[in-house]
Amino acid sequence: MASGTELTSNSYLQHHLQNLVFGKLPAGYERIDAEGHSHVLEHAEWTLAHTSQEAMDMGFWSLNVDTLGWSIFLGAMFLFFFHRVAKRHTEGAPTGFGNLVEMIVEFVNKNVNDIMSVKNPLIGPLALTIFVWVTLMNTMDIVPVDLLPLIAQFIAGDSHLHFKVVPTTDPNITFGMSIGVFILIIYYSVKMKGIGGFIGELTLQPFSSKNLAVQIVLIPANFLLEFIGLLAKPVSLALRLFGNLYAGELIFLLIATLLGAALPFFIGTFLGGALQFIWAVFHILIVLLQAFVFMMLTIVYLAMAHEHH
């Protein structure tokens, strides 16, 4: 797994928390392979990072291949199955998977209709996509931590391959979704209120006065408070989802390493497996709750963007 001849608890954790990164290393860069041999690149090279240091040195223009792969795969799976159910929809009571899909759609629509005061045909599908897609990505945290990485290492023929399977433990994914929501917030705020109304919302509250001179003096303080509150929306969306899933993944890894290191093999395996199961059952609630919270906050923020002050 991790680089080196001996696998320690620290290297095990570092290895599992490192993404499979593809990026560009500059000419003259000294690379160290899994066996500890070093060589210098004669030309700039697009390649997979061998270590976390190489991933950092690749800079901004690098891709987390595992995060992108799993998120796209799970998103495509969501589209395929929901499209299939919609295509086969008939009058009357649905059965099997169709019944589950209808329950999810009705649940999401109820929340949208309860919160949104203005009808917008985009919000329902957006909320449904967020809820199901985030749930699927979070659910990858329930898969045993070593199973898919070991399969990936076997297929690649590289026992040191980095491979993370929970997309929402990568802040790139959570911030990508939250920034998308933030763009919609700005768009609908301007569309519904106009440029003047949007600027007024940022500068004429929460402190106000009937005296024009006093109101002008209050504009900087109002703008500071409202602008920080506006920026806090995408940041809180992203960090809440990332933090909860990252912590959950870390606890799975800590259970696997600490018990294995502190107890004899058979006792550690049995006790570790029991604790992993208990945490996995509890973690199902976190998986669903975080997807629900992300969806609900998205609906609330977009509802606020549609409202006139």
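Annotations
- Residue in region 32-56 that is modelled with the highest pLDDT, counting only those that are of a type in the set (D, E, K, R) and closer than 16 Å to HIS162 by Cα: GLU54
Conditions (1) under 22 Å from GLY176 (Cα atoms); (2) touching a helix residue (DSSP H, G or I) at 6+ places or on another chain (Cβ under 9 Å), marked per residue:
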{"position": "HIS50", "(1), (2)": "no, no"}
{"position": "ALA55", "(1), (2)": "yes, no"}
{"position": "GLY59", "(1), (2)": "yes, no"}
{"position": "SER62", "(1), (2)": "yes, yes"}
{"position": "ASP66", "(1), (2)": "yes, yes"}
{"position": "SER71", "(1), (2)": "yes, yes"}
{"position": "GLY75", "(1), (2)": "yes, yes"}
{"position": "PHE80", "(1), (2)": "no, no"}
{"position": "VAL85", "(1), (2)": "no, yes"}
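- Residue identified as modelled with pLDDT under 90 and either surrounded by 14 or more Cβ atoms within 10 Å (Cβ to Cβ) or in contact with a strand residue (DSSP E or B) (Cβ under 8 Å, 6 or more places away or on another chain) (or both) among LEU204, LEU239: LEU204
- Residue within region 166-177 that is surrounded by 18 or more Cβ atoms within 10 Å (Cβ to Cβ), in contact with a Leu (Cβ under 7 Å, 6 or more places away or on another chain) and of a type outside the set (S, T, N, Q) present: yes
- Residue tally, condition under 11 Å from ASP66 (Cα atoms) and within 15 Å of the chain's Cα centre (by Cα), over region 134-172: 5
- Being closer than 22 Å to ILE183 by Cα, touching a residue at least 60 places away in the same chain (Cβ under 8 Å) and of a type in the set (Asp, Glu) is not true of ASP141.
- For region 98-133, filtering for residues that are farther than 18 Å from GLY180 by Cα, assigned to a helix (DSSP H, G or I) and either touching a strand residue (DSSP E or B) at 6+ places or on another chain (Cβ under 8 Å) or of a type outside the set (Asp, Glu) (or both) leaves 15.
- Filter pass, ILE251 being in a helix (DSSP H, G or I), closer than 23 Å to ILE142 by Cβ, in contact with a His (Cβ under 9 Å, 6 or more places away or on another chain) and modelled with pLDDT of 70 or more: yes
- Restricting region 176-219 to residues that are among the hydroxyl-bearing types (Ser, Thr, Tyr) and part of a loop (DSSP other than H, G, I, E, B), the residue that is farthest from THR67 (Cα to Cα): SER209
The values are calculated or read from the model by the stated rules, or taken from the named source; none is laboratory data. These numbers come from a predicted model, not from an experiment. Because the Cβ atoms are built from the backbone with ideal geometry, glycine has one as well, and the counts that use them run over all protein chains shown.
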